[in-house]
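One structure, pasted below without further comment.
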Amino acid sequence: MEIPIFFLHGLGYAGLLFLVSAGLTLIFGMMNVLNFAHAAMYMLGAYFSYSIMNHFTGQLWLSLLIVPVVLFILGALIQRFLLRPVNKLGHVHQLLLTFGLAYIIKELVQWYWGNYPLAVNVGGFLNSTIQIIGITYPVYRIFIFLCAIFVGIIMAFIIYKTRLGIVIRAAVNDSEMVNALGVNVPLVFMGVFAFGTALSGFAGVIAAPLLSVFPGMGNEILIDAFVVIVIGGFGSLGGAVVASLIIGQLQSFGVLLIPQLSMALVYLLMVTVLIIKPSGLFGEDSL
């Protein structure tokens, strides 16, 4: 019965990874903004969720409503007053700015919440188990995967089926033309960045009960999230979905089958994809 369990574990991690990389797909893949503070926002979302659930016991739903809104506002302020002035200077300046911002956020988190891991207990039905094909499995891990499906459907609908999605894609491809047509492109980019940041906060809320909340939690998933963008293809939401599923299963079964190389399998896959198809599995043409 080990294989079904590890498969389900892989789906759970894939769901969490997609929730983190979905926001990164918008910010880095579509807007071409190198945001190393994305994982810090994910961590911040987890800490905010801990504080909310510490005061309102077991209210995960309250955290899922409040934290993304707070992170959306924070993301909008960061893009408007910090990133917008340096965007024209290139990736090096973006990297230095967001890396410094991530470091500041981490120090503030350690100052306020401390360095010790903090446990978040959801309680209720989400803290129970169910029987799946004869396996007793945690409900919360299934909930994570369902949340990822829900977010993926909502994002796909907005990007591909709404006027706002058309404007976003057009602004990414030719911002000058879209601006000439009367669309406030800077406002669009600020909204996209803020929404991507809100998604990272949402992922942090989801991750908090599964993982212990600690200052370095963002670093553990940031590299995997960037690998998802590279493997799936820059700006491709479908690529992020497929890459998250592949990496989730690689991480899970790698521990089972070849634990000595489990950490290297993801990077071997990335190198292979880059050699065969440098633009990623789906590439930018999938938009």
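Taking the condition of a type in the set (Ser, Thr, Tyr), crowded, with 18+ Cβ neighbours inside 10 Å and within 30 Å of Thr57 (Cα to Cα), does Ser236 pass?
no
Looking at the range 201-222, can you tell me whether even one residue there is β-branched (Val, Ile, Thr) and either surrounded by fewer than 21 Cβ atoms within 10 Å (Cβ to Cβ) or without any contact (Cβ under 8 Å) to a residue 60 or more places away in the chain (or both)?
No: the range 201-222 contains no residue that is β-branched (Val, Ile, Thr) and either surrounded by fewer than 21 Cβ atoms within 10 Å (Cβ to Cβ) or without any contact (Cβ under 8 Å) to a residue 60 or more places away in the chain (or both).
Kindly indicate whether Leu101 is in contact with a strand residue (DSSP E or B) (Cβ under 7 Å, 6 or more places away or on another chain), within 18 Å of Gly45 (Cα to Cα) and touching a residue at least 40 places away in the same chain (Cβ under 8 Å).
No: the conditions fail for Leu101.
Conditions tested, residue by residue: (1) farther than 24 Å from Val69 by Cα; (2) at pLDDT 95 or above; (3) crowded, with 17+ Cβ neighbours inside 10 Å.
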site	(1), (2), (3)
Thr129	yes, no, no
Ile153	no, yes, no
Gly165	no, no, no
Val178	yes, no, yes
Val185	no, no, yes
Val188	no, no, yes
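Further question on the same structure: Taking only the range 199-237 into account, find how many residues are under 25 Å from Leu268 (Cβ atoms) and hydroxyl-bearing (Ser, Thr, Tyr).
Within the range 199-237, residues that are under 25 Å from Leu268 (Cβ atoms) and hydroxyl-bearing (Ser, Thr, Tyr) number 1.
Consider Ile78 against the criteria (1) crowded, with 17+ Cβ neighbours inside 10 Å; (2) outside any helix (DSSP H, G or I): it satisfies all of them except one. Which criterion is unmet?
Among (1) crowded, with 17+ Cβ neighbours inside 10 Å; (2) outside any helix (DSSP H, G or I), the lone unmet condition for Ile78 is (2).
For Ala76, state whether it is closer than 20 Å to Ala198 by Cβ and among the small types (Gly, Ala, Ser).
yes
Checking Thr57 against (1) β-branched (Val, Ile, Thr); (2) surrounded by 15 or more Cβ atoms within 10 Å (Cβ to Cβ); (3) within 17 Å of Val213 (Cα to Cα), which single condition isn't satisfied?
All conditions pass for Thr57, except number (2).
Can you tell me which of Leu44, Leu8, Leu77, Leu71 is among the aliphatic types (A, V, I, L, M) and at pLDDT below 95?
Going through Leu44, Leu8, Leu77, Leu71 in turn, the sole match is Leu8.
Scan the helices (runs of 4 or more DSSP H) fully inside the range 138-188 and keep the ones with 3 or more residues being touching a residue at least 60 places away in the same chain (Cβ under 8 Å) and out of contact with any helix residue (DSSP H, G or I) (no Cβ under 9 Å at 6 or more places or on another chain).
Correct list: empty, since no element meets the threshold.
Given the conditions (1) closer than 30 Å to Glu176 by Cβ; (2) in a helix (DSSP H, G or I), which single one is not true for Asn35?
If we test Asn35 against (1) closer than 30 Å to Glu176 by Cβ; (2) in a helix (DSSP H, G or I), just (2) comes out false.
The values are calculated or read from the model by the stated rules, or taken from the named source; none is laboratory data. Keep in mind that this is a model prediction, so the values were computed, not measured. All Cβ positions, glycine included, derive from the backbone under ideal geometry; neighbour counts span all protein chains shown.
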